[in-house]
Structures are given as structure tokens and as C-alpha cells.
């Protein structure tokens, strides 16, 4: 594990085909560009390597509730991270298709899994998500 932006840490020549398995938990929806994440992971994995994922598709970069109109885009861009405007939120069917287009083979998948994120039985606080689980293999 490393702290920092995923692509800054791992999208490097020295990471190419270094990994046999990458496990991601509540991670993929943090990507401002999920295609770039999958391409990086593809490059990191050895042939036959696996990407194992569990998490929601809650997309952190969905952006503020209000998108700017065209006349205010310059001001908006100066005040906010550009990734809010560039990010695309994909449903599982689209994420699956992207995985296949990158070159992965889907070995296993389950959707709608109830997953606890946080809970405190003494305060009755609970946060949970419907998650997707999959195993994607980089072919030999």
C-alpha cells in the first residue's frame, strides 16, 4: 500500500508486470478516470494476474450538485479541481465493458452485495452500501 494519488504512485515503467494480484476494496469509485485506473492495473499485472475488487460505485468525483453553465466555466475551473468536470460515472454494465475492452477476462462477478462501511452498535449508527464484487484476469 502507498499513500498518494494511485496513478502518480503506480503508473510507472518500474511497476510493469510486477504484480501477480491487486486487491481493491472501496477503491475504484475514487478514480476520476476509471479507464486510466484499469489501464494502469493492466500494465502492473503479470500475465495471468488477477484484479479482485469489492466496493460501491459511488464515484467521489461526481462533482458539486450544480454544474456551471458555459458562461461561467472559466470561473468554475479556477475555483474547483478540474476532475469534477472531467469525471464520468459508470454503471456496473459499463465498468464491466471497460474491463473487457482493456483486455481483462471476467472470472467471477456479483452485484448488489450488502456491505457495511461503518457501524457502532452502541450509538445505532450504520453506513452500508450495495457493492459489486469481481475477479478480472489478465490473460497469459
Which of these, 29, 89, 114, has the largest mean-square fluctuation under a Gaussian network model of the chain (Cα springs below 10 Å)?
114
In a GNM of the chain with a 10 Å cut-off on Cα contacts, which of 126, 59, 117 has the highest mean-square fluctuation?
126
Can you tell me what percent of all Cα-Cα pairs in the chain are more than 25 Å apart?
37
Which of 13, 56, 32 fluctuates most in a GNM of the chain (C-alpha springs under 10 Å)? That residue is 13
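Readers should treat all values here as calculations from the given coordinates under stated rules, not as data from a laboratory. It should be emphasised that the depicted structure is a prediction, and the values quoted were computed from it without experimental measurement.
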